[in-house]
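Enquirer: So that we are looking at the same thing, I have put the structure below in structure tokens.
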């Protein structure tokens, strides 16, 4: 009986130790949050990717597009920054899709642009807004795929 107890105890100990023996691997992905319900202001004339650190600067580029059902999510500029990808006005249905946000070798935010060939009767200003921690905006690379 004593031998059976020692065997079970040894097996349980081996099981616990084998579960804890895996090295911790840090994820290469950086979290970000896409935000909606903002629009590019009509007086913006520079269409390029930009990293926005302060609310005053953000308000120079964007206005709120609240609806009856939804309103824009507030952004805490004390802790967060906004990656804004802004394209020139177009009459084509254009989407900017985030692909990845990785930390090595330098923080890199990758995105791709999808444009449908069907023309609209009006122009849009495509934009993508992604909220990230400010600590990841230093030496940030914005990369179109």
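Read-outs: derived from the displayed coordinates by stated rules, not from any lab. The structure displayed is predicted, hence computed values, not measured ones. When we count neighbours, we look across all protein chains shown, and the Cβ atoms used for this are built from the backbone with ideal geometry, even at glycine.
Enquirer: Which residues does a label at residue 100 reach in segment 123-145, if reach means a backbone N under 16 Å from a point 7 Å past the Cα toward the Cβ?
Expert: 141-145
Enquirer: Another question, if that's okay. Return the Rg/Rh ratio of segment 20-145 with Cα-based radii and a Kirkwood Rh.
Expert: 1.02
Enquirer: By its C-alpha gyration tensor, with a ≥ b ≥ c as the square roots of the eigenvalues, how is segment 42-98 shaped: rounded for a/c under 1.5, else prolate for a/b larger than b/c, else oblate?
Expert: Here segment 42-98 falls in the oblate category.
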